[in-house]
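Worksheet: one structure, shown below.
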Amino acid sequence: MVIRTEDFKAAATTILFAADLDKTAANLELMVEDNYLCLSVTNREYYVRQRFLLENPEPFRAVVDASLFLNLISGINTETITLTADDRSVLVQADRSKYKLALIYENDKLMELPVISLTNKTIEMPISNEVLKSI
């Protein structure tokens with residue numbers, strides 16, 4: 001899957017900020033849903049999801065170490081990034097550079113990131129992305 005680096009970095013920067021809030025291990029799920037690449041990160045205490053539109057979506061799902069992957073992406077300066085996955089790793093290609101990251105498994109199955117849901121809501125209101133990012 002070929003992705004424009006500029007678009008991907010914008011989404012990854014948002015997720016990287018969330019992953020750096022807590023220095024414990026966080027996992028990142030990359031998954032194509034409809035025409036979007038969704039980036040979800042959790043350390044089982046928080047869950048953040050960012051998505052962006054793909055020009056040519058392909059089936060894709062991988063779970064990797066969040067900080068390792070996002071820091072790698074933040075340092076890439078090429079026009080496009082190519083992501084491919086097999087049953088053991090994700091290959092990130094940027095021009096002639098290639099980086100291989102191990103997939104994270106749980107009980108012999110690719111990890112499923114737990115979505116945190118609120119059961120005892122006290123108030124509900126819309127808040128813009130800009131306000132949440134500023135907090």
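The values are calculated or read from the model by the stated rules, or taken from the named source; none is laboratory data. Since this is a predicted model, take the numbers as computed values, not measurements. Using ideal geometry, Cβ is built from the backbone for each residue, glycine included, and neighbour counts are taken over all protein chains shown. Remember, those area values only see protein heavy atoms, side chains included, never the ligands or the DNA or RNA. Shrake-Rupley method; radii C 1.70, N 1.55, O 1.52, S 1.80 Å.
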query = Hey, residue 96 hits all of (1) touching a residue at least 40 places away in the same chain (Cβ under 8 Å); (2) closer than 18 Å to residue 3 by Cβ but one; which does it fall short on?
reply = (1)
ask   = Which ones in segment 40-65 are in a loop (DSSP other than H, G, I, E, B) and buried (at least 19 other Cβ atoms within 10 Å of the Cβ)?
value = 54
query = Given 85, 62, which one is within 10 Å of residue 1 (Cβ to Cβ), at pLDDT 90 or above and of a type in the set (A, V, I, L, M)?
reply = 85
ask   = Among the residues of segment 87-99, how many are part of a strand (DSSP E or B) and within 16 Å of residue 60 (Cβ to Cβ)?
value = 5
request  = Taking the options 68, 16, 37, name whichever one is closer than 21 Å to residue 111 by Cα and either in a strand (DSSP E or B) or open to solvent by less than 20 Å² (accessible area, probe 1.4 Å) (or both).
outcome  = 37
Matching entry among 96, 51 (being among the basic types (Lys, Arg) and under 14 Å from residue 12 (Cα atoms)) = 51
Every residue from segment 37-69 that is closer than 16 Å to residue 103 by Cβ and among the aliphatic types (A, V, I, L, M) = 39, 41, 62, 63, 64, 66, 68
message = Looking only at segment 81-102, how many residues end up being open to solvent by 100 Å² or more (accessible area, probe 1.4 Å) and within 19 Å of the chain's Cα centre (by Cα)?
response = 4
request  = Scan segment 103-133 residue by residue and report those that are within 20 Å of the chain's Cα centre (by Cα) and either open to solvent by 70 Å² or more (accessible area, probe 1.4 Å) or not aliphatic (A, V, I, L, M) (or both).
outcome  = 105, 106, 109, 112, 114, 115, 116, 117, 129, 130, 132, 133
task = Only residues in segment 34-59 that are touching a residue at least 24 places away in the same chain (Cβ under 8 Å) and aromatic (Phe, Trp, Tyr) count as the first member; pair them with residues that are assigned to a strand (DSSP E or B) and surrounded by fewer than 19 Cβ atoms within 10 Å (Cβ to Cβ), Cβ under 8 angstrom, at least 6 apart or cross-chain, and list the lot.
result = 52/36
task = Kindly list the number of the only condition in (1) within 27 Å of residue 46 (Cα to Cα); (2) open to solvent by less than 100 Å² (accessible area, probe 1.4 Å) that fails for residue 78.
result = (1)
